[in-house]
Amino acid sequence: MTASKAHGIGFTSQRTRDRMVERLRTKGIRDETVLAVMAAVPRHLFVDEALASRAYEDTALPIGFEQTISQPYVVALMISALRAGREAGLGKVLEIGTGCGYQAALLAKLTKEVYSVERISGLLEKARANLRGLRIPNLRLAHGDGSEGLAAAAPFDSIISAAAAQELPPALKNQLAVGGRLIAPLHISAGQSKQALCLIERTSSGFTEQWMDAVRFVPLRAGKQ
């Protein structure tokens, strides 16, 4: 990857990334560390070249395989919710749904150890290619069923899902460490299409839930392909 491609020009320039960050501030994102990382990671590297000029719009974009790269505001909101008030930081992170690799790259700049699981092998290879030039040593990608988590590396201090489930898979709750946080888009009621972010914390006595913004994510599917 050439330096000019990573830094971007015109619609993919640092100035454009900075404008994206300013828009996120106006929408209520207050975590300056998250905003700084989003200003640093070149989102245009994670979308097809034909869409690069739209990379810093606050919208989801297609990445192939019937999947999308999430809207920057939603990414910032979810990561900020995981970080809020935690002096120890994110700790060991599990991401469900690697997608194009963008959110994984952000997470890797915010903590020392990130694991990311993707069920679609072709998309995982695309993510590997997107990430290769960034040389991120603390990120591990795995091909697997995200609904089963990643038991071999559990427990996790933070879990973030980029796909919506009717209800949270038990494996993900079981792999969350005591004191840990999990954020995922979930269907508000069984059988309904409406989704919202749910922030779950594990305490020594069980789990607490906090419902947040309405969202729209691709479905969390079992199995791998």
Residues being under 21 Å from Glu148 (Cα atoms), surrounded by 14 or more Cβ atoms within 10 Å (Cβ to Cβ) and touching a residue at least 24 places away in the same chain (Cβ under 8 Å): count how many of those fall in the stretch 196-225. 10
Of everything in the stretch 155-174, what is in contact (Cβ under 8 Å) with a residue 40 or more places away in the chain and out of contact with any strand residue (DSSP E or B) (no Cβ under 7 Å at 6 or more places or on another chain)? Give them in sequence order. Pro169
Count - residues of the stretch 144-153 that are in contact (Cβ under 8 Å) with a residue 60 or more places away in the chain and over 16 Å from Leu220 (Cβ atoms): 1
Checking Lys92 against (1) farther than 25 Å from Gly146 by Cβ; (2) in contact with an Asp or Glu (Cβ under 7 Å, 6 or more places away or on another chain); (3) among the charged types (D, E, K, R), which single condition isn't satisfied? (1)
Would it be correct to say that Ser158 is polar (S, T, N, Q), buried (at least 17 other Cβ atoms within 10 Å of the Cβ) and more than 22 Å from Pro42 (Cβ to Cβ)? yes
Assuming Gly179 fulfils every condition listed in (1) of a type outside the set (A, V, I, L, M, F, W, C); (2) closer than 29 Å to Leu61 by Cα; (3) touching a residue at least 12 places away in the same chain (Cβ under 8 Å) apart from one, which condition is it? (2)
Looking at this structure, is Arg43 loosely packed, with under 14 Cβ neighbours inside 10 Å, among the charged types (D, E, K, R) and either at pLDDT 90 or above or over 28 Å from Gly89 (Cβ atoms) (or both)? no
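Can you spot a residue in the stretch 139-151 that is among the small types (Gly, Ala, Ser), surrounded by fewer than 23 Cβ atoms within 10 Å (Cβ to Cβ) and in a helix (DSSP H, G or I)?
yes
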Looking for something in contact (Cβ under 8 Å) with a residue 60 or more places away in the chain and within 20 Å of Ala129 (Cβ to Cβ) - is there at least one such residue anywhere in the stretch 25-38? no
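The values are calculated or read from the model by the stated rules, or taken from the named source; none is laboratory data. Remember, it's a predicted structure, so these values are computed and weren't measured experimentally. Note that we place each Cβ from the backbone using ideal geometry, even for glycine, and neighbour counts take in every protein chain shown.
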